[in-house]
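Visitor: Would you mind keeping the following structure in view while I ask a few things?
The values are calculated or read from the model by the stated rules, or taken from the named source; none is laboratory data. Computed from a predicted structure; not experimentally measured. Neighbour counts are summed over all protein chains in view; Cβ atoms, including those assigned to glycine, are modelled from backbone coordinates with ideal geometry. When the accessible area is computed, the model is the full protein with side chains, heavy atoms only, and any ligands, DNA or RNA have been set aside. Shrake-Rupley method; radii C 1.70, N 1.55, O 1.52, S 1.80 Å.
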Amino acid sequence: MHKGRLIMESAANTNGRGPMFWMGMMLASYGVIIALVMTGAIEGPAVTILMLAPLVLTAPMIWAANRQLNAAQDGCLGRGVAQKRYVKRVAVFSSLYLVSFGIFIFATKAADLGPWLRPFLAVLPGLAIIGIIWAVGRLIAEEDDEFLRMLVIRQSLVATGIALSAASIWGFLETADIVFHLDAYWWVVVWFFGLGIGAAANRIEYGTWGAV
């Protein structure tokens with residue numbers, strides 16, 4: 001039996017909420033925000049500020065992932081070095097995103113920024129998101145277990161397909177003046193939502209959620 005499958009089955013038997021629970025809570029929160037935006041219940045700066053709140057759930061999600069890896073280690077399965085690095089990288093870049101996004105929001109609302117400071121602060125959250133995507137890519141490159149690597153690749157492809165398809169369809173609908181304008185950073189949220197769908201697809205097909 002694959003070591004990766006054993007790790008996932010062992011982690012499923014641990015106490016407490018798993019990382020997929022917290023990811024689901026975060027995606028559900030974003031779903032509510034999107035619904036409020038589409039119905040016109042919230043608009044303007046409130047939308048941007050509300051986008052920050054669900055990201056707090058990345059902290060318990062990362063802690064849950066660490067518990068799963070520790071459970072695998074206690075079960076004599078060995079703690080995967082690639083997964084350990086991945087969790088640390090996501091923790092770092094998620095923290096950087098929260099900090100940079102918060103600074104950008106409050107700085108742009110409270111002060112008249114110079115022509116060079118405004119774009120600098122605007123780019124920082126995007127760089128942090130790139131870091132999270134890079135962490136997923138490094139996990140694929142560094143993971144030794146072929147089964148786990150396949151799950152991550154499959155999950156990422158599902159997420160990418162959903163995000164690109166949604167962006168393309170919405171773009172054409174927007175050009176035809178059928179839907180309202182949606183800021184581009186929302187498509188990263190769709191991609192993260194797609195990771196959850198990809199994990200569910202892994203669960204249905206292979207009986208395990210995957211490593212992301």
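Visitor: For the subset of the stretch 73-87 comprising residues that are within 18 Å of residue 148 (Cα to Cα) and assigned to a helix (DSSP H, G or I), which member is modelled with the lowest pLDDT?
Guide: Top of the filtered list is 73.
Visitor: If you go through the stretch 168-203, how many residues are over 26 Å from residue 125 (Cα atoms) and of a type in the set (Phe, Trp, Tyr)?
Guide: The total comes to 1.
Visitor: In the stretch 127-157, how many are closer than 30 Å to residue 99 by Cβ and either among the charged types (D, E, K, R) or touching an Asp or Glu at 6+ places or on another chain (Cβ under 8 Å) (or both)?
Guide: 4
Visitor: Another question, if that's okay. Name the pairs whose Cβ atoms lie under 6 Å apart, with the first residue in the stretch 23-42 and among the hydroxyl-bearing types (Ser, Thr, Tyr), the second surrounded by 12 or more Cβ atoms within 10 Å (Cβ to Cβ), and 6 or more positions between them or separate chains?
Guide: 29/54; 30/54; 30/189
Visitor: Can you name the residue in the stretch 176-210 that is in contact with a helix residue (DSSP H, G or I) (Cβ under 8 Å, 6 or more places away or on another chain) and at positive phi and, of all such residues, is surrounded by the fewest Cβ atoms within 10 Å (Cβ to Cβ)?
Guide: Looking at the filtered set, the residue picked out is 207.
Visitor: Let me ask another. Just checking, does the stretch 114-134 include any residue being modelled with pLDDT under 80, of a type outside the set (Lys, Arg), open to solvent by less than 30 Å² (accessible area, probe 1.4 Å) and assigned to a helix (DSSP H, G or I)?
Guide: no
Visitor: Scanning for something more than 19 Å from residue 26 (Cα to Cα) and not in a helix (DSSP H, G or I), does the stretch 144-151 turn up at least one residue?
Guide: Yes, because at least one residue in the stretch 144-151 is more than 19 Å from residue 26 (Cα to Cα) and not in a helix (DSSP H, G or I).
Visitor: Another question, if that's okay. Only one residue in 163, 141 is within 16 Å of the chain's Cα centre (by Cα) and at pLDDT 90 or above. Which one?
Guide: Criteria check complete, one pass: 163.
Visitor: While we're on this one: Identify the single condition in (1) under 13 Å from the mean Cα position of the chain (by Cα); (2) open to solvent by 60 Å² or more (accessible area, probe 1.4 Å); (3) aliphatic (A, V, I, L, M); (4) modelled with pLDDT under 75 that residue 55 does not satisfy, given that it satisfies every other one.
Guide: (2)
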